[in-house]
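The values are calculated or read from the model by the stated rules, or taken from the named source; none is laboratory data. All values reported here derive from a predicted model rather than from experimental measurement. Using ideal geometry, Cβ is built from the backbone for each residue, glycine included, and neighbour counts are taken over all protein chains shown. Only protein heavy atoms, including side chains, enter the accessible area calculation; ligands, DNA and RNA are left aside. Shrake-Rupley method; radii C 1.70, N 1.55, O 1.52, S 1.80 Å.
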Amino acid sequence: MKHFDYEINLFLDGELQEENRKELFAHLAECEECTNIFLDYLSLKEKTRNYFAGNITHLKNKPSGHNRFYKYAFYTAAAASIIFVMLLLNGKPKTQYITKNEVRVDTVFVQKESPSSKNKTTRINPFTVGKKVLPEELSQKAYVNYVKGLRSIVFSKSNKNNNEGSL
Amino acid sequence: MNLKANNVKELFEDYSDDILNYSLSLLKNYDDAKDAVQEVFIRFIKSQDSFRGECSYKTWLLTITRNYCFGKMNGKGRQPERIDDNFIKIYEPDIDGIISLKDALDKLNEEDTELIYLREYAGHSYREIAEILDISVDNVKVKLFRVREHLRKYLKRGKS
């Protein structure tokens, strides 16, 4: 017996001529095998349609390549900023403002002697700014030398202690 | 210019989704598919003088889409990922059925997959498919029949 699977195929796509359609229906009423083929094609059509629909929806919702690019760009930017910060730390020190009486020698600040304080006989004031130099007439006095001697002893002692401590 | 801007606008509104889905089924990448839509309309506007009205605008646009997509795919080699595996996990409760269908579709060649797509998903008539693929209507009938027969037998074998 002739089977009608080719005609079934055309019928399901709406491409079968009217007279062939009647012939097909007549055959389907008798042939169980063709009825099964008909049902198989029907479910196959539905399955493939759903499959393509699902696949296309999935492809549309999938994170795109541009997003991946931004992800990598974020890491690159993070790495670049870390390198930038490290360069800043290793580079030029922060700007420091120095007073009129200071001279900058690399990073060590040395106080300039102010010309006015040299010739002036002023009282020794512990709060005077600048290097403390005793006026000449004062440094010649005996008690001042004595006090200076005492201070140097105390100073060297404390220095010793410090050195021991650090060792 | 044969076409007015309005006409192009209407065509874009009517068919851009079809073009997007068709190029998505070929390129398997949403960004590339979106680029394809733009490129297709640019080519359409440029080449409208050569349109002789033998087929519908839709068919012509899809033919341009096909040419563009194949050109793009040849440029970077065929895509290894025909159908994404992940989608099975997300969308389909009937995993067994869909895996065997996926296997079956994977084994088809590019033209057969396209044929099935154009018929089952895009819902084109045989004549439109013939114009898009540049083959005869009888050829479409026979090929589609063979592909379906192949898929049916493959799924039957999987079940038994």
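Once the Cα-Cα distance is subtracted from the 0.36 nm per residue extended length, the B:Phe70 to B:Ser136 segment shows a gain of 21.7 nm.
Report the net charge of residues surrounding B:Gly123, where surrounding means a beta-carbon distance below 12 angstrom and charges are Lys +1, Arg +1, Asp -1, Glu -1.
Working: positive: A:Lys45, A:Arg49, B:Lys58, B:Arg119; negative: A:Asp13, B:Asp18, B:Glu120, B:Glu128.
Result for the local shell: 0.
Towards the positive end of the charge dipole of region B:1-80, with charges on Cβ (+1 Lys, Arg; -1 Asp, Glu), say which of B:Gln38, B:Leu11, B:Ile64 has the farthest Cα. Among B:Gln38, B:Leu11, B:Ile64, the one farthest towards the positive end of the dipole of region B:1-80 is B:Ile64. A:Val85 contributes about 80 Å² of solvent-accessible surface, heavy atoms of the protein only, 1.4 Å probe. When accessible surface is computed with a 1.4 Å probe, chains A and B are found to bury approximately 3300 Å² between them, both chains counted. For the set A:Arg21, B:Arg52, solvent exposure ranked by accessible area (probe 1.4 Å, protein chains only) runs largest to smallest as B:Arg52, A:Arg21. Across region B:56-69, coupling constants 3J(HN,Hα) worked out from phi with the 6.51/-1.76/1.60 Karplus curve, θ = phi - 60°, read 6, 4, 4, 4, 5, 4, 5, 5, 4, 4, 4, 4, 4, 5 Hz, and Gly and Pro carry x. Accessible area of B:Asp49 (1.4 Å probe, protein heavy atoms only, ligands and nucleic acids ignored): about 120 Å². In sequence order, region B:21-36 has phi-based couplings of 5, 5, 5, 5, 5, 8, 8, 6, 8, 5, 5, 4, 5, 5, 4, 4 Hz under the Karplus curve 6.51 cos²θ - 1.76 cosθ + 1.60, θ = phi - 60°, and Gly or Pro positions carry x.
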